[in-house]
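The values are calculated or read from the model by the stated rules, or taken from the named source; none is laboratory data. In this text, all values refer to a predicted model and were calculated from it rather than measured experimentally. Every residue, glycine among them, receives a Cβ derived from its backbone with ideal geometry; neighbour counts consider all protein chains shown.
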Amino acid sequence: MLELCGIEASYGESQVLFGMDLTVGAGEVATLLGRNGMGKTTTVRTIMGIMRPHGGRIMFDGAGIQGQPSYKVAQAGIGLVPEGRQIFPNLSVRENLVATARKRQGGGENWTFDKVIDLFPALAVRLESAGNQLSGGEQQMLAVGRALMTNPQLLILDEATEGLAPLIRTEIWNCLTELKTARQSILVIDKNVDALAKIADRHHIVEKGRVVWTGTSDELGADSELQARYLGV
């Protein structure tokens, strides 16, 4: 479904991605793992058209999307839960959700307002609250729900549980497990390797702007030296 081949990207004269390769299959949960500053968020920004790559190719559902503006990437079927949530602070929970609603392209069952509230019942009692009145956990639930309301073929979560309380983290992981069961394609960035290993089909470890290892959860869990080298603090 999503394939990055040899992507290079820079901030001014400072190059961050050096031939990034990445694959997410239909119905697959894939991860980007690595220490801070290795290019994970830059990869997401490049996929979403926020940054323009100066080398390589990005294919989504058989079409090239590299260099496309963000709204075109979203229209193609990629939904983003950005780092820091970035919900609309002056809109209510209800308005945040309905503002992004669109039907799934090519048919199939749609995410609706009611389905999102069923997925995150904690939001049901905050529907008229402004986004900036929510807790961090509620904002993250809203950010996921807002992305689902675009009915994406691929959902990307950048730092899925960063800064959240343990109980809220568990709720987010349970949500992703439900989405996986529903065959939603997902690319997720997070530092909680143990939680990711329970739901992900494929892992990509990023070091200095390129993928240095790809494998399954079983392969990752069996290689403690690999984890210490690339994921340890």
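Of the numbered criteria (1) part of a loop (DSSP other than H, G, I, E, B); (2) loosely packed, with under 14 Cβ neighbours inside 10 Å, the one residue 35 fails is (2).
So which residues in the stretch 83-133 are of a type in the set (Gly, Ala, Ser) and more than 23 Å from residue 177 (Cβ to Cβ)? If the condition is that a residue be of a type in the set (Gly, Ala, Ser) and more than 23 Å from residue 177 (Cβ to Cβ), then 84, 92, 99, 101, 106, 107, 129, 130, 131 are the ones that fit. Taking the stretch 210-233 as the range and being without any contact (Cβ under 8 Å) to a residue 12 or more places away in the chain and of a type in the set (S, T, N, Q) as the test, only 224 passes. Of everything in the stretch 200-232 that is at pLDDT 95 or above and among the hydrophobic types (A, V, I, L, M, F, W, C), the residue that is nearest to residue 155 (Cα to Cα) is 200.
The sole residue among 93, 81 that is in contact with a strand residue (DSSP E or B) (Cβ under 7 Å, 6 or more places away or on another chain), crowded, with 21+ Cβ neighbours inside 10 Å and among the β-branched types (Val, Ile, Thr) is 81. Under the condition of being buried (at least 16 other Cβ atoms within 10 Å of the Cβ) and more than 10 Å from residue 32 (Cα to Cα), the residues counted in the stretch 182-191 number 3. Taking the criterion of being in a helix (DSSP H, G or I) and touching a residue at least 40 places away in the same chain (Cβ under 8 Å), the residues of the stretch 180-200 that qualify are 180, 193, 196, 199. Taking every residue in the stretch 1-27 that is on the phi < 0 side of the Ramachandran plot and without any contact (Cβ under 8 Å) to a residue 60 or more places away in the chain and pairing it with any residue that is part of a strand (DSSP E or B) and of a type in the set (Asp, Glu), at least 6 positions away or on another chain, the pairs with Cβ-Cβ distances below 8 Å are 4/21; 5/21; 7/21.
The residue list 193, 188 contains one member that is among the β-branched types (Val, Ile, Thr) and more than 19 Å from residue 79 (Cα to Cα), which is 193.
Could you grab me the full set of residues in the stretch 1-17 that are assigned to a strand (DSSP E or B) and buried (at least 17 other Cβ atoms within 10 Å of the Cβ)? Across the stretch 1-17, the qualifying residues are 2, 4, 7, 8, 9, 10, 16, 17.
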